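Everything below concerns the one structure shown next.
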Amino acid sequence: MISNRDSLVQETAEIVSHLDYPAGQHVIRVVAPRVSALARPGSFVHLKCNGDIGMRRPISIMRVDAKEGWLDLLYKEVGVGTRALAKQRPGQTLDLIGPIGQQFKLSETRTRPLLIGGGVGIPPVLFLAECLARRLNEFEPLLLMGSEVPFPFELKTSALPVNGIDDDVNATLALSESWGIATRLSSLGGYPGCHNGYVTDLARRWLDSISDQEKQTVAVYSCGPTPMLRAVATLAKEYDLPCQVSLEEFMACAVGGCAGCTVRVRTSTGDAMRRVCVDGPVFEAAEVFFDES
């Protein structure tokens, strides 16, 4: 694996842009050539929010340009650390460690990746979508995203149709549209062009619109809050689809030393405890969401 403890990099990264969005959301771009060269969809960085706060915060990587050496991080203000991070401006630097964690693993035979992201869990699937955009001769991805607050991206009306989804559900990311990847949005916030409901509703409508033979080419990749991931795992099981999920978990060291982010997983030899930081954050959905009855 590329992302493991032996290949971690500690790097001083310069902030080159810091964009503020509604509901305390931010997208920060930093120049970190060594981390960006190793980053893969699903990996994250562990960063110091400022010099006065000793404990680092884990933040998923959303976009990378290894050639130019930058990476984008989406985060939301939820506590002292992220509120301090929100005050950092271009020209300042951040100390970060990364990339950490196991990445999403594409199936070469499942050529219709279904990417499902929710809230601050959007970054890993958007990162995966951008990687797939360079392989559209091999894959036909569909990107579905949900948020209960305004999406922290430029939106537009999509020109790319999606089977099974109503024509008036047509809001999309200008970015993913420019990549040629069909994208649809879902929210209970009543935003124009978004499905009024859960993102798994959109996934179900699309799955019901394709043939059984086409379903054999679908694999699901998801990141978001735990209730959403559980719903995605249930949906994948119902349709007999392989599914990988990237878990969100509180972390202390984030490099496998403290075991503070462990989750119970089901393996072929019985239940076991795994560290989300280095054994994950990407797991097979069936390993972490299983029927305990």
Tally up the residues in the stretch 60-95 that are without any contact (Cβ under 8 Å) to a residue 60 or more places away in the chain, within 18 Å of Gln10 (Cα to Cα) and of a type in the set (Val, Ile, Thr), please. 0
Could you tell me whether Gly119 is surrounded by fewer than 24 Cβ atoms within 10 Å (Cβ to Cβ) and in contact (Cβ under 8 Å) with a residue 60 or more places away in the chain? yes
Looking across the stretch 234-293 at residues that are of a type in the set (Ser, Thr, Tyr) and under 25 Å from Val78 (Cα atoms), the single one that is surrounded by the most Cβ atoms within 10 Å (Cβ to Cβ) is Ser246
Is it fair to say Ser147 is hydroxyl-bearing (Ser, Thr, Tyr), surrounded by 19 or more Cβ atoms within 10 Å (Cβ to Cβ) and within 27 Å of Asp240 (Cα to Cα)? yes
Conditions (1) free of Cβ contacts under 8 Å to residues at least 24 places away in the same chain; (2) touching a Ser or Thr at 6+ places or on another chain (Cβ under 6 Å); (3) closer than 26 Å to Leu85 by Cβ: number failed by Glu154: (2)
Consider only pairs whose beta carbons are under 7 Å apart and that are at least six residues apart or on different chains; among these, list those whose first residue lies in the stretch 165-194 and is touching a residue at least 60 places away in the same chain (Cβ under 8 Å) and whose second residue is hydroxyl-bearing (Ser, Thr, Tyr). none
In the list Glu138, Glu177, which residue meets the criterion of being in contact with a strand residue (DSSP E or B) (Cβ under 8 Å, 6 or more places away or on another chain), surrounded by fewer than 20 Cβ atoms within 10 Å (Cβ to Cβ) and more than 22 Å from Pro227 (Cα to Cα)? Glu177
Taking only pairs six or more apart or across chains, which ones have beta-carbon atoms under 7 Å, a first residue in the stretch 237-261 that is at positive phi, and a second residue that is modelled with pLDDT of 80 or more and not in a loop (DSSP other than H, G, I, E, B)? Ala254/His46; Ala254/Pro58; Ala254/Ile100; Gly256/Arg275; Ala259/Arg275
Scan the stretch 86-98 and give yes if some residue there is modelled with pLDDT of 95 or more, crowded, with 24+ Cβ neighbours inside 10 Å and over 19 Å from Phe250 (Cα atoms), otherwise no. no
For Val162, state whether it is out of contact with any Pro (no Cβ under 9 Å at 6 or more places or on another chain), buried (at least 19 other Cβ atoms within 10 Å of the Cβ) and touching a residue at least 40 places away in the same chain (Cβ under 8 Å). yes
Pick from Tyr198, Tyr239, Tyr221: which is aromatic (Phe, Trp, Tyr) and within 16 Å of the chain's Cα centre (by Cα)? Tyr221
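Here is a yes/no grid of residues against (1) assigned to a loop (DSSP other than H, G, I, E, B); (2) of a type in the set (Lys, Arg); (3) assigned by TED's automatic domain parsing to the domain that holds Ser43:
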site	(1), (2), (3)
Ile116	no, no, no
Val120	no, no, no
Phe151	yes, no, no
Val162	yes, no, no
Asp166	yes, no, no
Arg184	no, yes, no
Go over the candidates Arg63, Arg56 one by one and state the one that is touching a Lys or Arg at 6+ places or on another chain (Cβ under 9 Å), within 19 Å of Ala129 (Cβ to Cβ) and not small (Gly, Ala, Ser). Arg63
So, in the stretch 68-95, of the ones that are within 18 Å of Gly51 (Cα to Cα) and assigned to a strand (DSSP E or B), which residue ends up farthest from the chain's Cα centre (by Cα)? Thr93
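The values are calculated or read from the model by the stated rules, or taken from the named source; none is laboratory data. Model, not experiment: these values are computed from the prediction. Cβ sites come from the backbone with ideal geometry, for glycine too, and all protein chains shown count toward neighbours.
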